[in-house]
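Taking it in order: structure first as structure tokens, then the write-up.
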Amino acid sequence: MDNNILTIQKFYTAFQQKDYATMNSCYTDDIPFHDPVFGILYGKETKAMWQMLCTNAKDFSLKFDNIQTDDNEYYTCEWVASYKFSKTNRRIVNQCKAFMRMKDGVILEHSDAFNYYRWCRQAFGLIGLLFGWSGFMHKKISTGAKKQLFKYMKQQGL
């Protein structure tokens with residue numbers, strides 16, 4: 001089997017188990033990551049994000065499948081995470097698609113895509129329904145997520 005597919009399976013199996021150390025071992029040291037909530041992160045920030053999310057996850061489950069590639073460099077994987085959002089204690093079921101650039105069984109770049117407006121509606125209820133589409137709310141959530149990440153990194157000495 002393709003070493004890159006094995007690495008992606010290892011990454012998401014570790015994510016299912018909230019094993020951030022194994023997840024992070026699948027990355028290069030300077031890994032760029034992007035998603036709609038955190039925006040762009042690099043290296044230590046990316047790895048600290050997974051540590052923070054895994055450590056703080058409540059009532060968490062994850063399923064993944066449909067790993068595909070056309071050229072043995074760029075891969076996609078579909079995954080669904082279900083969890084309680086810590087700020088509102090609301091249930092999130094987030095359907096995501098990961099885009100990864102791989103080389104020799106190592107993830108060089110990682111980007112997650114999902115419907116941000118759907119996520120906002122689940123996370124914030126009526127407020128998310130009314131304002132989740134707006135750039136203002138998007139910026140506020142992203143700024144807050146990064147602020148929380150940097151506070152976590154400082155507390156953990158990362």
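The values are calculated or read from the model by the stated rules, or taken from the named source; none is laboratory data. Keep in mind that this is a model prediction, so the values were computed, not measured. Positions of Cβ are generated from backbone atoms using ideal geometry, with glycine treated the same way; all protein chains shown enter the neighbour counts.
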Some residue of the range 49-66 being outside any helix (DSSP H, G or I), surrounded by fewer than 20 Cβ atoms within 10 Å (Cβ to Cβ), touching a residue at least 60 places away in the same chain (Cβ under 8 Å) and not hydroxyl-bearing (Ser, Thr, Tyr)
no
Would you call Leu108 of a type in the set (A, V, I, L, M) and either buried (at least 18 other Cβ atoms within 10 Å of the Cβ) or not in a strand (DSSP E or B) (or both)?
no
With (1) under 27 Å from Thr76 (Cβ atoms); (2) touching a residue at least 12 places away in the same chain (Cβ under 8 Å) as the list, and Arg121 as the residue in question, which single condition is left unmet?
(2)
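Being touching a strand residue (DSSP E or B) at 6+ places or on another chain (Cβ under 8 Å), within 14 Å of Arg101 (Cβ to Cβ) and aromatic (Phe, Trp, Tyr) is true for just one of Phe33, Phe60, Phe64, Phe85. Which residue is that? Don't jump to the end; show me each part of the working.
Working: Phe60 fails: within 14 Å of Arg101 (Cβ to Cβ); Phe64 fails: within 14 Å of Arg101 (Cβ to Cβ); Phe85 fails: within 14 Å of Arg101 (Cβ to Cβ).
Result: Phe33 is the single residue among Phe33, Phe60, Phe64, Phe85 that is touching a strand residue (DSSP E or B) at 6+ places or on another chain (Cβ under 8 Å), within 14 Å of Arg101 (Cβ to Cβ) and aromatic (Phe, Trp, Tyr).
Any idea how many residues of the range 13-25 are closer than 18 Å to Asn66 by Cβ and surrounded by 20 or more Cβ atoms within 10 Å (Cβ to Cβ)?
Taking the range 13-25 and keeping what is closer than 18 Å to Asn66 by Cβ, we get 13, 15-16.
Among the residues that remain, those that are also surrounded by 20 or more Cβ atoms within 10 Å (Cβ to Cβ) are: 15.
Matching residues across the range 13-25 total 1.
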Just name the residue that is farthest from the chain's Cα centre (by Cα) out of those in the range 62-90 that are small (Gly, Ala, Ser) and at pLDDT 95 or above.
Ser82
